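Each remark here refers to the structure printed beneath this line.
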Amino acid sequence: MKVLLVDDAVFVRMSLKKILEDSGYGFDFVEASSGTEALEKYKISKPDLVIMDITMPEMDGITAVKKIKEIDNDAKIIMCSAMGYQEKVVDAITAGALDFIVKPYEKEKIMASIKKVLNI
């Protein structure tokens, strides 16, 4: 399965990648550092799952989710942010995200969210 990891912080993408690699599911990864780059990489790679930060330069994650859903209404997207504000959770779900994870990441919560969204 292919996962598009979207976060402007390289360290965050590396941390997520490590958690997913250690899961044993054999994920393949595509990475993007902005919503704009995520949109382009989504069109090219057609990932099975997108894990996207909300706060990024150029295009924020919620705008990127809306644009990805315009291309592929069946896109499976999990939003994440250090901001655990109820408003952001509602915005993310309204935009089309299927779940929301709050940073700092907890391996068990990430994997539970992925299993739920991908039905694995």
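No value in this document is a laboratory result; all are computed from the given coordinates. Please read all numbers here as calculations on a predicted model, not as lab measurements. Virtual Cβ from ideal backbone geometry, glycine too; neighbours counted across all protein chains shown.
In a reduced charge model with +1 at each Lys and Arg Cβ and -1 at each Asp and Glu Cβ, the chain shows a dipole moment near 260 debye about its Cα centre.
Let me have the 222 nm mean residue ellipticity of the chain computed from DSSP H runs of 4+ only, each contributing -39500 (n - 2.57), with the sum over all residues rounded to the nearest 500. Before the final figure, lay out each step's value.
Working: 5 runs with 57 residues, N = 120.
So the calculated ellipticity at 222 nm is -14500 deg cm²/dmol.
For log10 I(q)/I(0) by the Debye sum over Cα atoms at q = 0.17, 0.19, 0.23 Å⁻¹, the value computed from the atomic coordinates appears in the list [x] -0.74, -0.96, -1.53; [y] -0.89, -1.11, -1.56; [z] -0.82, -1.00, -1.35 under label [x]. Among the GluC sites (Glu not before Pro) in segment 24-98, those placed in a DSSP loop whose Cβ has at most 16 other Cβ atoms within 10 Å are Glu58.
Which is farthest toward the positive dipole end of the chain among Ser81, Thr94, Asn119, measuring Cα position about the Cα centre, with Cβ charges +1 (Lys, Arg) and -1 (Asp, Glu)? Sorting the options by dipole projection puts first Asn119. Relative contact order for the chain: 22 percent, from Cα pairs under 8 Å spaced at least 6 residues apart, divided by residue count.
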